[in-house]
């Protein structure tokens, strides 16, 4: 049963939906994470995947940056491999490495052995969403999932990869196996997002973290149809949806096509592309999210303050150039060494501009 709230005063939901917010909304990818001492204290007692399947821990960790920084949205504490783990894929998140797959996907037989995701398999996640909906008050909750391509990359490589060579080799050399894998992962992504929507999240974000390794032609042929099916299917949920990748300057137009069916569609922009340039690349009616370089927050407050002001002004100009709205964020996630005090100051500054 969908228990989604009405939050008419939310600046995040307004900007993501193409309405004029009463202030520039701001939240940060990986805002619930290693930059926070309260998070590190909890994680010292729990492994990553253990934490992701503990509803009360998920709730607490998700709330930590909202309490500390006063951000305009919470994002569910989880990991993109959670639905893979829940559906039976053998994997672990290894400290200082990332997701490591027990049996990488290399053949069509491996693909056929993948099992669909059933809602009850992610009940700890949906229970956490229910807890958060009650705890967050007027702050919206963003649910998320990994995009099919990024999930495929982990599965085929067996873990993090710099060049994604096995992934691209399968994609280009074994297209039948590739599309079968992407179809299965699209189904899994949709099931995971739908479970979160049914539990009450207010918005969705799909992370295609590694899509920037692809050419535009390859993205259109091998990835876009599957990502587009995710967004087309989830459009019925009626929530704002964001499509995000890193190093995706050349893909922004295609990524906005994928999310276009949504009545409230947002494309994330990393720090390599100005928001004004991004506004010219995405389809009309698309809002933008981003795009402060996370490293700027390590350079001290005077540097960070100037950079925050530039991004807000760039966002204003992007909206004037045709973007439907601007959500202030980083161009990727908060880095572990970031001083939480500077994050708080950045939020306060954005709210004054």
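The values are calculated or read from the model by the stated rules, or taken from the named source; none is laboratory data. Being a predicted model, the structure only gives us computed values, none of them experimental. Using ideal geometry, Cβ is built from the backbone for each residue, glycine included, and neighbour counts are taken over all protein chains shown.
List the pairs whose first member sits in the stretch 109-135 and is touching a residue at least 12 places away in the same chain (Cβ under 8 Å), whose second member is exposed (fewer than 15 other Cβ atoms within 10 Å of the Cβ) and in a loop (DSSP other than H, G, I, E, B), and whose Cβ atoms are under 6 Å apart, counting only residues at least 6 apart or on separate chains?
Hits for this filter: 115/88.
So which residues in the stretch 109-137 are part of a loop (DSSP other than H, G, I, E, B) and either at pLDDT 95 or above or in contact with a helix residue (DSSP H, G or I) (Cβ under 9 Å, 6 or more places away or on another chain) (or both), if there are any at all?
113, 114, 115, 116, 117, 118, 136
Residue 34 versus (1) part of a loop (DSSP other than H, G, I, E, B); (2) closer than 17 Å to residue 135 by Cβ: which is the lone unmet condition?
If we test residue 34 against (1) part of a loop (DSSP other than H, G, I, E, B); (2) closer than 17 Å to residue 135 by Cβ, just (2) comes out false.
Tally the residues that are closer than 28 Å to residue 253 by Cα and in contact with a strand residue (DSSP E or B) (Cβ under 9 Å, 6 or more places away or on another chain), restricting the search to the stretch 333-353. Talk me through it step by step, then tell me what you get.
Here is the first cut: in the stretch 333-353, the residues closer than 28 Å to residue 253 by Cα are 333-335, 350.
Now drop any that are not in contact with a strand residue (DSSP E or B) (Cβ under 9 Å, 6 or more places away or on another chain), which leaves 350.
Within the stretch 333-353, residues that are closer than 28 Å to residue 253 by Cα and in contact with a strand residue (DSSP E or B) (Cβ under 9 Å, 6 or more places away or on another chain) number 1.
For the stretch 320-353, which positions are closer than 18 Å to residue 285 by Cβ, in contact with a helix residue (DSSP H, G or I) (Cβ under 8 Å, 6 or more places away or on another chain) and surrounded by fewer than 20 Cβ atoms within 10 Å (Cβ to Cβ)?
Restricting attention to the stretch 320-353, the residues satisfying the condition of being closer than 18 Å to residue 285 by Cβ are 320-327.
Then drop every residue that is not in contact with a helix residue (DSSP H, G or I) (Cβ under 8 Å, 6 or more places away or on another chain), which leaves 321-323, 325-327.
Result: 321, 322.
Of everything in the stretch 99-108 that's touching a residue at least 40 places away in the same chain (Cβ under 8 Å) and either out of contact with any helix residue (DSSP H, G or I) (no Cβ under 8 Å at 6 or more places or on another chain) or assigned to a helix (DSSP H, G or I) (or both), which residue is nearest to residue 168 (Cα to Cα)?
Residue satisfying both the conditions and the ranking: 108.
Report yes if residue 57 is more than 22 Å from residue 288 (Cα to Cα) and in contact with a helix residue (DSSP H, G or I) (Cβ under 6 Å, 6 or more places away or on another chain), otherwise no.
Against the criterion (more than 22 Å from residue 288 (Cα to Cα) and in contact with a helix residue (DSSP H, G or I) (Cβ under 6 Å, 6 or more places away or on another chain)), residue 57 qualifies.
Can you tell me which residue within the stretch 285-299, out of those that are free of Cβ contacts under 8 Å to residues at least 40 places away in the same chain and not in a strand (DSSP E or B), is surrounded by the most Cβ atoms within 10 Å (Cβ to Cβ)?
Only one residue tops the list, namely 286.
Counting only residues that are closer than 16 Å to residue 308 by Cα and under 14 Å from the mean Cα position of the chain (by Cα), which one in the stretch 11-30 is surrounded by the most Cβ atoms within 10 Å (Cβ to Cβ)?
So, considering only residues that are closer than 16 Å to residue 308 by Cα and under 14 Å from the mean Cα position of the chain (by Cα), the one surrounded by the most Cβ atoms within 10 Å (Cβ to Cβ) is 28.
Given the condition surrounded by fewer than 19 Cβ atoms within 10 Å (Cβ to Cβ), modelled with pLDDT under 95 and outside any helix (DSSP H, G or I), answer yes or no: does some residue in the stretch 265-281 qualify?
no
Somewhere in the stretch 67-84, is a residue over 20 Å from the mean Cα position of the chain (by Cα) and either more than 30 Å from residue 7 (Cβ to Cβ) or assigned to a strand (DSSP E or B) (or both)?
No, the stretch 67-84 contains no residue that is over 20 Å from the mean Cα position of the chain (by Cα) and either more than 30 Å from residue 7 (Cβ to Cβ) or assigned to a strand (DSSP E or B) (or both).
Considering each of 68, 34, 30, 47 in turn, give the residue that is on the phi > 0 side of the Ramachandran plot, touching a residue at least 24 places away in the same chain (Cβ under 8 Å) and out of contact with any strand residue (DSSP E or B) (no Cβ under 7 Å at 6 or more places or on another chain). Spell out the reasoning first.
Numbers: 68 fails: on the phi > 0 side of the Ramachandran plot; 34 fails: on the phi > 0 side of the Ramachandran plot; 47 fails: on the phi > 0 side of the Ramachandran plot.
Unique residue meeting the criteria: 30.
Scanning the stretch 31-66 for residues that are modelled with pLDDT under 95 and within 16 Å of the chain's Cα centre (by Cα), which turns out farthest from residue 350 (Cα to Cα)?
33
Please indicate, with yes or no, whether at least one residue in the stretch 311-332 is over 24 Å from residue 240 (Cβ atoms), part of a loop (DSSP other than H, G, I, E, B) and either at pLDDT 95 or above or touching a strand residue (DSSP E or B) at 6+ places or on another chain (Cβ under 9 Å) (or both). Walk me through it before giving the result.
Filtering the stretch 311-332 down to residues over 24 Å from residue 240 (Cβ atoms) leaves none.
No.
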